[in-house]
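The values are calculated or read from the model by the stated rules, or taken from the named source; none is laboratory data. The structure displayed is predicted, hence computed values, not measured ones. Cβ placement follows ideal geometry from the backbone for every residue including glycine, while neighbour counts extend to all protein chains displayed. The area values use the complete protein model at the heavy-atom level, side chains included, leaving out ligands, DNA and RNA. Shrake-Rupley method; radii C 1.70, N 1.55, O 1.52, S 1.80 Å.
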Amino acid sequence: MNDILAKMVQESLLDSDAALKVRELMMAGKSLDDAVREVPGASEDKILRRLAVEFDLAFIDLEKDADKYIPSKELIAKFPARILIDHRLMPIQQNGDGVMVVTSKVFDTSGLDELRMASGVEVYPVLAPSTEIDRFMKKYLGVGADTLQSMGLTDDSDVKVLEDHDENDLDLTHAAQDASIIKFVNQILAEALESRATDVHVEPFEDQLRIRYRVDGILIEANIPPQVRKYHAAIVSRLKILSHLDIAEKRLPQDGRIRLRVAGREIDLRVSVIPMIHGEAVVLRILDRGDAMLGLEHLGMSSRDNKVWNHVLDLPHGIILVTGPTGSGKTTTLYAALSKINNADLKIITIEDPVEYQLRGINQIQVNHKSGLTFGAGLRAILRHDPDVVLIGEIRDKETADIAVQASLTGHLVFSTLHTNDAPGATTRLIDMGIEPYLVSSSVELIMAQRLVRLICPKCKEAVPESECDSLREMYDDEMPEVLYRGAGCRNCQGTGYRGRQGVFEIMPITDEIRLLVVERAPVMSVRKVAMEQGMMSLRTDGWRLIREGRTTVDEVLRNTKDETVSVADEALGVTR
């Protein structure tokens with residue numbers, strides 16, 4: 001072993017201090033490869049490549065050559081998951097009469113011996129770094145595979161639950177209290193946070209329990225063992241216990257909340273449980289307080305939109321509306337606006353359902369329907385609290401809209417959200433709610449619609465071949481840049497080609513011409529026409545700005561926006577006018 005160590009020093013794989021530390025660990029009983037892993041600065045990849053040469057073993061790159069090594073379910077089923085996980089082993093390929101098994105341990109063969117005895121199959125070791133093996137195992141064995149075969153394990157997850165419920169008096173929690181179920185739930189949550197998910201969906205079907213993560217707005221199915229289905233009730237009970245819900249109630253929807261601490265960050269989970277025909281489905285909305293505060297400069301608006309948006313924030317009164325579907329980033333935009341104007345000179349009060357992020361220096365109220373604290377009741381109380389700025393989480397009905405209008409007319413700056421597809425449609429929506437057109441026209445100062453589009457992963461960004469751009473150039477020649485980009489797919493983006501999201505905006509300031517149209521109840525298209533003549537960019541036009549900057553793809557913009565100049569039928573047929 002000392003000869004091998006000397007060669008590593010000679011080949012600059014280890015410096016003399018690191019080699020000395022390795023020798024000390026080996027004298028304490030560590031194997032050479034385990035000792036090297038504990039020494040800071042040593043490259044496991046390079047060390048394993050050197051040991052592969054020394055002992056005539058194959059070394060493989062599981063990340064680069066992932067397409068070559070795709071183990072079948074039948075191959076994996078030959079080996080007990082417990083042994084694979086305990087020893088960090090993974091079968092990757094049938095090789096004649098035996099099976100190639102990847103490992104990061106050159107000198108510890110006990111795991112390979114156990115596999116041979118348990119399966120009756122001859123196995124041949126090949127080497128790969130431990131981090132790549134872990135990712136490979138999670139991909140093909142599934143999240144939490146070990147918990148289902150390791151009943152009674154202690155919970156060693158990095159996820160710690162705050163304000164846990166007292167479970168001692170709950171007779172129905174025995175299964176949910178099992179250490180393996182606790183660990184499985186924590187592994188699901190840890191995987192969601194690692195994947196940057198915003199939502200976790202737990203969905204029961206007749207013969208399957210499906211778990212999906214919403215990452216960058218797209219649902220991605222998690223790979224979990226099929227036998228998890230039988231533990232569905234216990235998993236739901238565990239989530240109910242954590243969110244202080246009634247585990248005996250299985251017929252009615254329930255909502256709750258879980259607080260977690262992960263690596264020093266506090267995470268809030270909003271929990272929604274709804275009974276389905278095959279059992280209760282759960283959706284967890286992940287709210288990371290550490291990601292809450294974004295300045296306006298991070299929203300990514302165009303220079304024109306940024307100038308208009310900043311100007312309206314300085315107004316003394318009026319209504320500013322942000323519209324768009326659920327999950328389009330409306331709340332984040334409004335929080336960024338409040339953060340910009342937040343200072344000791346202004347009294348800012350918000351009323352939300354629920355309060356998603358806590359903002360320092362801002363008074364926040366959470367709606368509580370059980371106690372009678374509705375949007376309407378809360379708003380009336382707020383106006384007696386001498387505010388300068390009010391944020392209403394959402395204008396949902398005529399009562400809320402009436403109070404918002406009155407607040408703006410009595411000298412308050414009011415921010416809120418509204419569910420409409422575009423900016424011009426918001427005026428019609430308020431009128432449909434029962435607000436008089438002259439009140440809408442005199443109170444609303446600006447309406448902004450927004451969507452979120454995924455950004456190309458910077459690690460695997462590549463130019464799209466010109467041959468693939470020809471059809472797009474025929475349809476969008478005026479908008480197309482010289483070079484289009486896309487993501488090839490890599491570990492950084494989980495193979496999707498996208499990482500992170502960016503807003504695209506449609507900002508419509510309410511000018512005198514638009515106020516006249518609103519009073520006259522003009523059609524939405526007439527309002528849109530005037531707004532665009534005055535400089536408003538549609539959502540799709542703003543999306544093309546990101547395409548020209550090489551930040552997103554044509555597919556992503558087309559998926560999230562529609563061309564306002566053509567009908568839906570024309571767009572489906574590729575007709576432009």
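For segment 393-407 versus segment 1-56, the spacing of their alpha-carbon centroids is 69 Å.
Per residue, how much accessible area does the chain show when a 1.4 Å probe rolls over the protein heavy atoms, in square angstrom? Let's see the in-between values first.
Numbers: 27890 Å² over 577 residues.
Per residue, the chain has 48 Å² of solvent-accessible surface.
The charge dipole of segment 303-408, taken about its Cα centre with unit charges on the Cβ atoms of Lys, Arg (+1), Asp and Glu (-1) only, comes to about 100 debye.
Helix-only mean residue ellipticity at 222 nm, the chain, DSSP H runs n ≥ 4 weighted -39,500 (n - 2.57), per residue, nearest 500. What is it? Don't skip to the end; give the middle numbers.
On the way: 23 runs with 216 residues, N = 577.
My calculation for the chain gives -10500 deg cm²/dmol from helical runs alone.
For segment 423-544, with all protein chains in place and a probe radius of 1.4 Å, 49% of the accessible heavy-atom surface sits on carbon or sulfur.
What are the trypsin sites (Lys or Arg not before Pro) within segment 283-367 that DSSP puts in a loop, where the Cβ has at most 16 other Cβ atoms within 10 Å? Walk me through the numbers on the way to the answer.
Details: sites: ARG285, ARG289, ARG304, LYS307, LYS330, LYS340, LYS347, ARG360; in loops: LYS347, ARG360.
Passing sites in segment 283-367 are LYS347, ARG360.
Among TYR438, TYR124, the sequence by solvent-accessible area, most first, with a 1.4 Å probe is TYR438, TYR124.
Restricting segment 25-65 to GluC sites (Glu not before Pro) that sit in a DSSP loop and have at most 12 other Cβ atoms within 10 Å of their own Cβ leaves GLU38.
Each Lys and Arg Cβ is given +1 and each Asp and Glu Cβ -1; about its Cα centre, segment 1-143 then shows a dipole of about 360 debye.
Sort 481-490, 213-222 by packing, meaning the average of other beta carbons within 10 Å per residue, with the highest value first. Write down the numbers at each step before the final one.
Working: 481-490: 15.6, 213-222: 17.5.
So the order, starting with the most tightly packed, is 213-222, 481-490.
With a 1.4 Å probe and all protein chains left in place, how much of the accessible area of segment 315-357 comes from carbon and sulfur atoms, in whole percent?
Carbon and sulfur together cover 51 percent of it.
The separation of segment 485-544 from segment 326-391, counted between C-alpha centres, amounts to 26 Å. Taking all protein chains together, THR541, THR420 sort by accessible area into THR541, THR420, largest first [probe 1.4 Å]. Ranking ILE456, THR103, PHE505 by Cα position along the charge dipole of the chain, where only Lys, Arg, Asp and Glu carry charges on their C-beta atoms, puts PHE505 farthest toward the positive end. A straight Cα-to-Cα reach below 19 Å connects LYS307 with the lysines LYS330, LYS340, residues fewer than 8 places away in its own chain not being considered.
Beta bridges from DSSP with both residues in the chain: antiparallel share about 65 percent, rounded to the nearest 5. Quotient of the Cα radius of gyration of segment 237-317 and 2.2 N^0.38 Å, N being its number of residues: 1.69. Placing +1 on the Cβ of every Lys and Arg and -1 on the Cβ of every Asp and Glu, with nothing else charged, gives the chain a dipole about its Cα centre of roughly 480 debye.
Scan segment 362-397 for trypsin sites (Lys or Arg not before Pro) in coil per DSSP, keeping those whose Cβ has at most 11 other Cβ atoms within 10 Å, and list them by number. Don't skip to the end; give the middle numbers.
Values: sites: LYS370, ARG380, ARG384, ARG396; in loops: LYS370, ARG384, ARG396.
Answer by residue number: LYS370, ARG384.
Length gained on full extension, VAL519 to ASN342, computed as 0.36 nm times the residue gap minus the Cα-Cα distance: 60.4 nm. Name the residue from LEU115, LEU346, ILE4 whose Cα lies farthest towards the positive end of the charge dipole of the chain, charges +1 on Cβ of Lys and Arg and -1 on Cβ of Asp and Glu. Projecting each Cα onto the dipole axis, the largest value belongs to LEU346.
Taking the centroid of alpha carbons for each part, segment 203-251 and segment 432-455 are 38 Å apart.
Rolling a 1.4 Å probe over the protein heavy atoms of segment 367-418, with every protein chain left in place, gives an accessible area that is 50 percent carbon and sulfur.
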